[in-house]
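Each value in this text was obtained by applying a stated rule to the coordinates, not by laboratory testing. What you see is a predicted model, and the numbers here were worked out from it, not measured in a lab. Here the Cβ is made from the backbone with ideal geometry for all residues, glycine too, and neighbour counts use every protein chain on show.
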Amino acid sequence: MSYRDTPYFSVGRATDLSGFDRTLYRALEILPGFLSIGTIVMTVVLSYYSPRFAALFIIIFDLYWFFKTIYLSIHLRYNWKRMKYMLALDWDPLLANLKYDHITHVVILPFFNEAEELVEKSIISLLQAQWDAKNIIIVLAGEEKAGDTASDIALKMKSKYGSQFAHFLCTVHPKEVPGEMPGKGSNISYAAEQVRLQVFDVQKIAYTNILVSAFDIDTVVYPNYFKCLTWNFLTVPNPHKTSFQPVPIYNNNIWEAPAFSRVVAMSATFWQMIQQERPERLATFSSHAVSFEALYRVGYWQKNMVSEDSRIFWNLFVANDGDYSVVPMAYPVSMDANLAGSFWSTMLSVYKQQRRWSWGVENVPYVILACIKNKAIPLGKKIRAVLTQLEGFWSLATNPIMIFLLGWLPIALGGRLFRTTILSYNLPVITSYIMYFSMIGLVVSAMVSFSFLPPRPTSYKKRDTLYMAIQWVLIPLTITVFGAIPALEAQTRLLLGKYMGFWVTPKHREPPRK
């Protein structure tokens, strides 16, 4: 029996298992939160009982963050240059040396109650791409629970644009299916099976010749997306043991979004760009592509969890005994920055989105259990996978708090004796200088962000462009309030067994300024 046939392969949470395996998985769910909360609590306790040691620890930690910032900024710059090169590249000569007429592209667009304008913009971008639309299959994947309005939008899109594509399917994912969690994973899995039954098997299309792009409904492709994806698929050594990840740039509505939402959105883009330069750490994220052959062998995306975009990578990783990877395409797709109906509702929406992304910590117990149970995965790959996951979520939840909030604790809690020491006097000075130098990364971020800005709408003034630069002073606030805190909440929920469900990010668009 292969690993994918075991109950561990599709486990979503500890309650899906029984006996010792359930106890083990529950302990692994506790681990990330224990490490993150333990680090913060330890710093507070040491600041009171051993302020000298705590001060030294904080200085060492700040130095670590300083060098890490330099390291990450270098990766960001390299990916920025690589992306600009990819956007300017003439792909036709590269594809001319390859046979690619047999490749069929499938684009799955899951939607719930988004506006017709937003759905239509994504579809139009696919028609405007430099690729024969008659070789693209669209699957507009709706939800039964969304009601008749969503169904009407889907049918209208099919009537308006369906004849221009090879096929245009409108699927409706049934509500309240036993064993499924309502959300993107269960929806696109249902959509993938429907297109298999209604198109692939009827027309005898080989699964090995099908590339599936699983997009969010607000995803807008750049002109050469399909050329870049096809070239990567045909040139990698093992295309059916590889996923393909473009860079998500949240700039569709960047001028309409408030400053803090823009900073959070661009920070997410920058992190994905950095990860593209470290492919050994890269997992699939929103709007990724994968061969249908690979998807079909693992039963598509998991239907019982929130983080399906990243879990599908780990499903494929363990199903192939560690012989699976992600190719960083260094080619962008555009998506929406978070924008709700008002300033405060946007703040809440940003927080909830970041908490949902941070709920990717649910992959940690899955990865560790898979590495324990699947003996065929090489030991080196097991160690790297586990440490990468643990360090990533630990850093997300602790680093901003350690840097910006806890640096003064030894002085505040260390007592009068410690406050008379030279170390006490120099602690804020040293940490401040380290942080000032670390701000060099903000300059790099601001420069890169300007290259992603769409043209300023005529209704906006030149000073709005200036605000786009000034907004980066918000980064200490945003990475704490919209980074560390939602990450800590997600890890605490997992620690306590208070599991999260799927939350749909509102896709609001402001009317044009007059």
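Ordered by the count of other Cβ atoms within 10 Å of each Cβ, fewest first, 228, 170 give 170, 228.
What is the gain in length, in nm to one decimal, between residue 20 and residue 458 on full extension, counting 0.36 nm per residue of separation less the C-alpha to C-alpha distance? Before the final figure, lay out the partial values.
On the way: separation 438, 0.36 × 438 = 157.68 nm, distance 6.32 nm.
Taking residue 20 through residue 458 to full extension adds about 151.4 nm, to one decimal.
Each Lys and Arg adds +1 at its Cβ and each Asp and Glu adds -1 at its Cβ; summed about the Cα centre, the chain shows a dipole of about 1160 debye.
Each label was represented as a point 7 Å from its Cα along the Cα-to-Cβ direction; for residue 96 and residue 81 these points are 2.8 nm apart.
Could you state the per residue volume, in Å³, of the convex hull enclosing the Cα atoms of the stretch 100-358? Display every interim value, and only then the final one.
Numbers: hull volume 32.6 nm³, N = 259.
Cα-based convex hull of the stretch 100-358, divided per residue, equals 126 Å³.
Quick check on my link table: of 375/498; 241/507; 121/160; 241/382, which ones sit more than 24 Å apart, alpha carbon to alpha carbon? From 375/498; 241/507; 121/160; 241/382, over 24 Å: 375/498; 241/507. From least to most packed, judged by other beta carbons within 10 angstrom and beginning with the fewest, 390, 109 follow the order 390, 109.
Using a cut-off of under 20 Å, list every residue of the stretch 246-282 whose amide N is near the label point 7 Å from the Cα of residue 383 along the Cα-to-beta-carbon line. Residues passing the 20 Å test: 279-282.
Could you run the Debye sum over the Cα atoms of the stretch 1-145, one equal point scatterer each and no solvent, and tell me log10 of I(q)/I(0) at q = 0.12, 0.14, 0.21 Å⁻¹, two decimals? These q points yield log10 I(q)/I(0) values of -1.07, -1.07, -1.19.
Only beta bridges with both residues in the chain are counted; by DSSP, about 25 percent of them are antiparallel.
Cβ crowding within 10 Å, taken as a proxy for footprinting-reagent exposure, orders 346, 492 from fewest neighbours to most as 492, 346. Between the residues 153, 307, 192, the greatest Cα displacement towards the positive end of the dipole of the stretch 100-358, with unit charges on the Cβ of Lys, Arg, Asp and Glu, is found for 307. Counting only DSSP beta bridges with both residues in the stretch 100-358, the antiparallel share comes to about 25 percent.
Once the Cα atoms are used to define both axes, helix 259-276 deviates from the longest principal axis of the chain by about 80 degrees.
Using the Cβ-Cβ distance between residue 473 and residue 203 with R0 set to 56 Å, the FRET efficiency works out to roughly 0.50. If you bin the C-alpha pair distances of the chain every 20 Å from 0, what whole percents do you get? With a bin width of 20 Å, the distribution comes to 21, 55, 21, 2, 0. Where only DSSP H runs of four or more residues are counted, the chain gives -17500 deg cm²/dmol as its mean residue ellipticity at 222 nm, each run worth -39500 (n - 2.57). Evaluated with a Cβ-only charge set (Lys, Arg +1; Asp, Glu -1), the stretch 100-358 carries a dipole of roughly 240 debye about its Cα centre, given to the nearest 20.
Shape class for the stretch 198-238, computed from the alpha carbon gyration tensor (a ≥ b ≥ c): oblate, with a/c not under 1.5 and a/b at or below b/c.
Computed from Cα atoms, the angle from the helix 51-88 axis to the main principal axis of the chain rounds to 30 degrees.
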